[in-house]
1. Take the residues in region 48-64 that are at pLDDT below 95 and surrounded by 14 or more Cβ atoms within 10 Å (Cβ to Cβ); name whichever of them is farthest from Asn163 (Cα to Cα).
2. Give the residue that is surrounded by the most Cβ atoms within 10 Å (Cβ to Cβ), with candidates limited to residues of region 110-126 that are more than 17 Å from Leu44 (Cα to Cα) and in contact (Cβ under 8 Å) with a residue 60 or more places away in the chain.
3. What is the residue count in region 59-74 for residues that are among the aliphatic types (A, V, I, L, M), closer than 16 Å to Pro114 by Cα and in a loop (DSSP other than H, G, I, E, B)?
4. Counting just the residues of region 31-47 that are closer than 19 Å to Thr183 by Cα and over 15 Å from the mean Cα position of the chain (by Cα), which one comes out surrounded by the most Cβ atoms within 10 Å (Cβ to Cβ)?
5. Tell me which residues, restricted to region 127-138, are surrounded by 13 or more Cβ atoms within 10 Å (Cβ to Cβ) and closer than 21 Å to Leu47 by Cβ.
6. Return the pairs, sorted by first residue and then second, in which the second residue is surrounded by fewer than 19 Cβ atoms within 10 Å (Cβ to Cβ) and of a type in the set (Lys, Arg), the first residue lies in region 64-90 and is in contact (Cβ under 8 Å) with a residue 60 or more places away in the chain and more than 16 Å from Gln186 (Cα to Cα), the beta carbons are less than 8 Å apart, and the residues are 6+ apart or on different chains.
7. Can you run down the residue pairs with Cβ atoms below 6 Å, 6 or more apart or on separate chains, where the first is in region 178-198 and of a type in the set (Asp, Glu) and the partner is modelled with pLDDT under 95?
8. Any residue at all in region 15-29 that's modelled with pLDDT of 85 or more, loosely packed, with under 14 Cβ neighbours inside 10 Å and in a helix (DSSP H, G or I)?
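The values are calculated or read from the model by the stated rules, or taken from the named source; none is laboratory data. Bear in mind the structure is a predicted one, so any value in this text is a computation, not a measurement. Positions of Cβ are generated from backbone atoms using ideal geometry, with glycine treated the same way; all protein chains shown enter the neighbour counts.
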Amino acid sequence: MDRRTLLALPLALSPAWATAPVWAQSPVLTDRDRADVARVEAWLGALRTMKARFLQIAQNGAAAEGTAWIQRPGRMRFEYDPPEPLLLVASYGQFFYFDRQLKQATTLPLSSTPLGILLRDEVRLSGDVTVGRVERGGGLLRVTVFRTGRAAEGRITLVFNDNPVELRQWAVVDAQAQETRVTLSQAEYGGRFPAILFDFNDPRFREELGIPQ
């Protein structure tokens, strides 16, 4: 995948989630919807660590693969397979984006990114997060959320296996209404990861960026 395409992808870095549809502004949830949202919250709340392979597909069909590590609360690492030189790390309340080939680093507040919702200490799809739609079909459960009172910024759709509940995919729409999907596979739960995995102050990064030690 071209690096300029990846730079535009909203896997974790797009503060503006895109223009939301009209339905998202006045969500009406049924009792069944609320029950399914509660199941999703319970699964996410119980998640502490996960390692998985991921496949990322952009609107134009461009694809990239890699390995993801999630350690809740607050930590995530997405390392793309070569030849993609990209790395995403969430830690210390920040998202760190590193392009090894260009030797460029970018940081954003974790709270400004769509995936920040998943990394909260307590996952509640209410309050400052609104559920705009709950869909079912094909053994999957889809929950679309947006920031309360800020539906025009866009949305993220979380896709779970329905029974039992397990996160399989998410889809984010960028400011140009382009959708990017990230599908997880080979998930492993309950592992222990070294702290340096989520440390973007790793001396190796500083050396590659030419920052004095």
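1. Ala62
2. Step by step, filter region 110-126, then rank; the result is Thr113.
3. 0
4. Taking region 31-47 first, the residues closer than 19 Å to Thr183 by Cα are 40, 43-44, 47.
Remaining after also requiring over 15 Å from the mean Cα position of the chain (by Cα): 40, 43.
Working: Val40: 20, Trp43: 16.
This residue is Val40.
5. Val129, Val131, Val134
6. Listed by first residue and then by second, the contacts come to Gln71/Arg48; Glu84/Arg3; Pro85/Arg3; Pro85/Arg100; Leu86/Arg3; Leu86/Arg100.
7. If the second residue must be modelled with pLDDT under 95, the pairs left are Glu179/Gln59; Glu179/Ala171; Glu179/Val173.
8. No: region 15-29 contains no residue that is modelled with pLDDT of 85 or more, loosely packed, with under 14 Cβ neighbours inside 10 Å and in a helix (DSSP H, G or I).
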